[in-house]
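Have a look at the structure below, then the notes.
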Amino acid sequence: MKPATPCYIVYEDRLRSNLELIDSVRKRAGVDIIMAFKANALWRTFPIIREYGFGFTASSLNELRLGYEELGVKGHSYCPAYTESTIGDYIAMSSHITFNSIPQLERFGRRVCEAGVSAGLRVNPECSVIETDIYNPALPGSRFGVTAPMLPDELPESLEGLHFHALCESDSHDLERVLEAFERQFGHLLPRMKWVNMGGGHLMTRSGYDIDHLIGLLRGFKERYPHIEVYLEPGSAFTWRTGDLEVSVVDVVDNQNVKTAIIDASFACHMPDCLEMPYKPAISESVDQAPGRPVYRMGGNSCLSGDFVGDWAFEHELKEGDRLTFEDMNHYTTVKTNMFNGIAHPSIYLCRKDGSYELLRKFDYDDYKNRMS
């Protein structure tokens, strides 16, 4: 029997399927693929990930500490700006540290190098392949990375690697375009580099992704630069289509011929990317729109006027108590949730391969109260 709603359910068999595919790419291409916690940080599922030997990348001290403690390895760190109060902790728990600017590299690079940590520089190839501006780090005026004209005549000796990130849920052909721009603008630096990090956004676990083309690109790069170690750090690919958010209808509002099914969850609180991107998630129980089929918006149970998405069609009229499944709600979902309005936070379950449900976390009033001062 499924748990009570609202709840996130992560499926072990789906997660393992993604891990096995990514592991296959890693081995066939001869590169290292590490997990980006910004997409998913459900650390109670990390024992499964640890079985496959994946490392991780972090963009904050909290992410870094989580990976260091729960995966048992040092991480690859990238932060837009390090400070005197944070750099020591980054050094202690990192194997690689990437700097966002030349001044940051000059300020901290030598200290990082002397501690035995490899220092890198994020570069911006100015190749824009992402349509949604909020997720596009290659927009004009971006705060991310150093463009080719910004490079000084001489780079610090402490620099050992280059990092670029210009993808978001992208395919291998997008990577090909970015990689061409990267080599054209920064290829003269590669003979002295020990590693290149190609960032995240490689959605290799999406149906239809051209895995062979990706592997060919990576092998070709390594043939051109055999001395360089290559890293990829996808986020969504690890947990793509591995979990759902299950909700129940708690009321139906009919206003000016617009029917809204109010659910016991919230887009603003529990599915924020639906409003941020925006996008319309799949609901397993919905059907294609056709004459005679009732159509509903889905309304979140918060007081935010814009807390709704729509529309979906169903075979029958929705009523209180109907259970609905919002698909693919594991990546960039649980890491972005909030407690606006103090709305009950969905519990999180792991559905094991045998079909049993393991409660990973149940939230209560104290979780809300303790976040408030």
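Computed from the coordinates by the stated procedures, all read-outs in this text should not be read as laboratory data. Note that this is a predicted model, so its numbers are computed, not measured. Using ideal geometry, Cβ is built from the backbone for each residue, glycine included, and neighbour counts are taken over all protein chains shown.
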Original post:
HN-Hα J couplings of the stretch 307-321 from phi, Karplus 6.51/-1.76/1.60, θ = phi - 60°, integer Hz, Gly and Pro as x?
Top reply: 7, 7, 9, x, 10, 10, 9, 9, 5, 9, 4, 7, 9, 3, x
**OP:** Read phi for every residue in the stretch 61-67 and hand back ³J(HN,Hα) as whole Hz from Karplus 6.51 cos²θ - 1.76 cosθ + 1.60, θ = phi - 60°, with x for Gly and Pro.
**Re:** 5, 5, 4, 5, 5, 4, x
Original post:
Distance in nm between label sites at residue 151 and residue 192, each 7 Å beyond Cα in the beta-carbon direction?
Top reply: 1.0
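Can you check what the net charge comes to around residue 37, using other residues whose Cβ is under 13 Å from the Cβ of residue 37 (Lys, Arg +1; Asp, Glu -1)? List each step's numbers first, then the result.
Numbers: positive: 38, 65, 336; negative: 63, 69, 70, 233.
So the surrounding residues net to -1.
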**OP:** Report, in whole Å, the centroid distance computed from the Cα atoms of the stretch 189-225 and the stretch 1-59.
**Re:** 20
**OP:** Kindly write out, for the stretch 103-118 in residue order, the coupling ³J(HN,Hα) from the Karplus curve 6.51 cos²θ - 1.76 cosθ + 1.60 (θ = phi - 60°), rounded to whole Hz, with x marking Gly and Pro.
**Re:** x, 5, 4, 5, 6, 10, x, 5, 4, 4, 4, 5, 8, x, 9, 7
Original post:
Length gain on complete extension for the stretch residue 2 to residue 366, per 0.36 nm per residue less the alpha carbon to alpha carbon distance?
Top reply: 128.5 nm
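Percent relative contact order of the stretch 12-239, based on C-alpha pairs within less than 8 angstrom and at least six residues apart? If you can, show how the numbers build up before the last one.
On the way: 418 pairs, mean separation 49.4, N = 228.
Result for the stretch 12-239 is 22 percent.
With charges only on Cβ, +1 for K and R and -1 for D and E, what is the dipole size of the stretch 241-373 about its Cα centre, in debye, rounded to 20? Numbers along the way, then the final one.
Numbers: 14 positive and 22 negative charges, 65 e Å.
Approximately 320 debye in magnitude.
Report the full-extension gain for the segment residue 62 to residue 277: residue separation times 0.36 nm, less the Cα-Cα distance, to one decimal in nm.
On the way: separation 215, 0.36 × 215 = 77.40 nm, distance 2.53 nm.
Additional length available on full extension: 74.9 nm.
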Original post:
Label residue 51 and residue 207 with points 7 Å out from Cα along Cα→Cβ: what is the distance between them in nm?
Top reply: 2.5
Original post:
How large is the charge dipole for the chain, taken about the Cα centre, if only the Cβ atoms of Lys, Arg (+1) and Asp, Glu (-1) carry charge, to the nearest 20 debye?
Top reply: 720
Original post:
Which links in 38/319; 74/280; 38/280; 2/336 stretch past 26 Å when you go from one Cα to the other?
Top reply: 38/319; 74/280
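Using packing as a proxy for protection, rank 177-189, 347-359 so that the peptide with the highest average count of other Cβ atoms within 10 Å comes first.
Numbers: 177-189: 17.3, 347-359: 14.5.
My ranking of the peptides, most packed first, is 177-189, 347-359.
Can you tell me which of 47-59, 4-16 comes out highest on packing, and rank the rest after it, using the mean Cβ neighbours within 10 Å? Intermediate values should be presented prior to the final figure.
Details: 47-59: 17.8, 4-16: 19.4.
Going from most to least packed, we get 4-16, 47-59.
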**OP:** Grab the beta carbon distance between residue 284 and residue 23, set R0 = 25 Å, and tell me the FRET efficiency rounded to 0.05.
**Re:** 0.30
Subject >> Residue (of 163, 72, 258) at the positive-pole extreme of the chain, dipole from beta-carbon charges >> reply: 72
Original post:
Measuring from label point to label point, each 7 Å out along Cα→Cβ, what is the residue 316 to residue 352 span in nm?
Top reply: 3.4
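Can you show me the helix-derived [θ] at 222 nm for the chain, built from DSSP H runs with n ≥ 4 at -39,500 (n - 2.57) apiece and divided by the number of residues, rounded to the nearest 500. Walk me through the numbers before you get to the answer.
Details: 11 runs with 101 residues, N = 373.
My calculation for the chain gives -7500 deg cm²/dmol from helical runs alone.
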